[in-house]
Amino acid sequence: MNIAIIGSGSIGLLYAAYLQEKHAVTLFTNRNGQANRLTSEGLTLQAFNDTKNISVKAYPMTSLMENKEFYDLVIVAVKQYHLSEVVPSLRNLPKQTSLLFLQNGMGHLELLHTLENTTIFVGTVSHGAYRLDDTSVSHRGLGSTNIALFKGKKEPVFSKLTMMGASFSFEFKEEYYLLLLEKLVINSVINPLTAIFKITNGELFHNEHFCSIAKSLYEELETVYQNLSVVCPFEQIKEIGKKTGHNRSSMLSDIENGRQTEIDAILGYTLSIAEKQNNRLSLVPLLYKGIKGEELRGRKQSG
């Protein structure tokens, strides 16, 4: 397939590095300088005990509007709060172009209803990836990409993605809402608490006091989302936290580096649903405001 990847953070770089093995890949970056460096220096992938440099086509995101090349699949790998910046380019694509959105949270679902593309996928990523610099990414944990149809037909796109095999696997799920809800709840429990307490994923569950708070947060989420214990039981979240025990969550990393977090896409979405239900929550708004406060402090320090 001819694939375009919009976004050049850790996920965009990781997918570009692997997908180019079987497909023609073009990476659209946030900044001109990054595109120029990727074109001249290549993309460096550190995968466990192996390091390799990969030639990659890279252009600034602004050029996507004028780009006349047809892409079978466009993977949107920007964070949810940047989606509004890429929507004009997406609307300019042919309707036959399939889209795959890889965002945390569920706030982007309303946006997807406004796009006219005949096939749209949503997905969740369980790979551990860290961008080292503009041209380098470290693959720190082997996972998979779970995708589900938001609308359209899964073939032939899904079959062509599965050509990657076990080294970079894609798995199809029948219900997009349940797929995204599972990831939303995992992120809702792990990310804000690790960011507030400045702890690793593992410490959140190995420390009985932190774990008790995590359980209380989960129980509050159960009042918002029906059958949550079936979709994503708390024990599953604990296992994920312990399995990624040495990892620092993306939200913690964002706070430490003075960046905007995805708290609006995660807990902000839950707050909007609870408001429609007239459901008065306590822990969720407390953590939401705590992270927003950390964001504000980070902006003042960097400014």
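The values are calculated or read from the model by the stated rules, or taken from the named source; none is laboratory data. No experiment lies behind these values; they were computed from the predicted model shown. Cβ atoms come from the backbone with ideal geometry, glycine included; neighbour counts cover every protein chain shown.
Is it the case that the range 217-234 has a residue that's free of Cβ contacts under 8 Å to residues at least 40 places away in the same chain, of a type in the set (S, T, N, Q) and part of a helix (DSSP H, G or I)?
Yes.
Six or more apart or on different chains, Cβ atoms under 8 Å: show the pairs whose first residue is in the range 131-160 and crowded, with 16+ Cβ neighbours inside 10 Å and whose second is hydroxyl-bearing (Ser, Thr, Tyr) and in a helix (DSSP H, G or I).
Between residues of the range 131-160 that are crowded, with 16+ Cβ neighbours inside 10 Å and residues that are hydroxyl-bearing (Ser, Thr, Tyr) and in a helix (DSSP H, G or I), the close pairs are Arg131/Ser10; Val137/Ser10; Ala148/Tyr176; Leu149/Tyr176; Phe150/Tyr176.
Any residue at all in the range 128-144 that is under 20 Å from Met163 (Cβ atoms) and among the aromatic types (Phe, Trp, Tyr)?
Scanning the range 128-144, I find no residue that is under 20 Å from Met163 (Cβ atoms) and among the aromatic types (Phe, Trp, Tyr), so the answer is no.
Which of the residues that make up the range 45-63 are within 21 Å of the chain's Cα centre (by Cα) and part of a strand (DSSP E or B)?
Leu45, Gln46, Ala47, Ala58, Pro60, listed by residue number.
Taking the range 1-41 on its own, how many of its residues are over 22 Å from Ser89 (Cα atoms) and in contact with an Asp or Glu (Cβ under 7 Å, 6 or more places away or on another chain)?
Residues flagged as over 22 Å from Ser89 (Cα atoms) and in contact with an Asp or Glu (Cβ under 7 Å, 6 or more places away or on another chain) within the range 1-41 amount to 1.
For (1) within 26 Å of Asn146 (Cβ to Cβ); (2) among the small types (Gly, Ala, Ser), each residue gets a yes or a no:
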site	(1), (2)
Phe48	yes, no
Thr51	no, no
Ile54	yes, no
Ser63	no, yes
Ile75	yes, no
Pro88	no, no
Phe101	yes, no
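So Ile237 ticks every box in (1) in contact with an Asp or Glu (Cβ under 9 Å, 6 or more places away or on another chain); (2) among the hydrophobic types (A, V, I, L, M, F, W, C); (3) under 15 Å from Ile190 (Cα atoms) but one. Which box is left unticked?
It fails just one condition, (1).
Could you check how many residues of the range 226-249 are among the polar types (S, T, N, Q) and in contact with a Ser or Thr (Cβ under 8 Å, 6 or more places away or on another chain)?
2
How many residues, within the range 95-105, are in a loop (DSSP other than H, G, I, E, B) and in contact with a strand residue (DSSP E or B) (Cβ under 9 Å, 6 or more places away or on another chain)?
Here the count works out to 4.
Of the residues that make up the range 78-99, is at least one modelled with pLDDT of 95 or more and touching a Lys or Arg at 6+ places or on another chain (Cβ under 6 Å)?
No, because not a single residue in the range 78-99 is modelled with pLDDT of 95 or more and touching a Lys or Arg at 6+ places or on another chain (Cβ under 6 Å).
Residue by residue, here is whether (1) surrounded by fewer than 18 Cβ atoms within 10 Å (Cβ to Cβ); (2) of a type outside the set (S, T, N, Q); (3) out of contact with any strand residue (DSSP E or B) (no Cβ under 9 Å at 6 or more places or on another chain); (4) under 19 Å from Gly165 (Cα atoms) holds:
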| site | (1), (2), (3), (4) |
| --- | --- |
| Leu19 | no, yes, no, yes |
| Asn32 | yes, no, no, no |
| Phe48 | yes, yes, no, yes |
| Lys57 | yes, yes, no, no |
| Pro60 | yes, yes, no, no |
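For the range 78-110, how many residues are touching a helix residue (DSSP H, G or I) at 6+ places or on another chain (Cβ under 7 Å) and of a type in the set (D, E, K, R)?
Matching residues across the range 78-110 total 0.
Could you grab me the full set of residues in the range 121-130 that are surrounded by fewer than 21 Cβ atoms within 10 Å (Cβ to Cβ) and β-branched (Val, Ile, Thr)?
Val125
Could you tell me which of the residues Gly33, Gly12 is more than 22 Å from the chain's Cα centre (by Cα), outside the structural domain of Ser253 (by TED's automatic domain parsing) and part of a helix (DSSP H, G or I)?
Gly33
Condition first: closer than 29 Å to Gly298 by Cβ, modelled with pLDDT of 95 or more, in contact with a helix residue (DSSP H, G or I) (Cβ under 8 Å, 6 or more places away or on another chain) and among the hydroxyl-bearing types (Ser, Thr, Tyr). Now tell me which residues in the range 201-253 satisfy that.
Ser216, Tyr218
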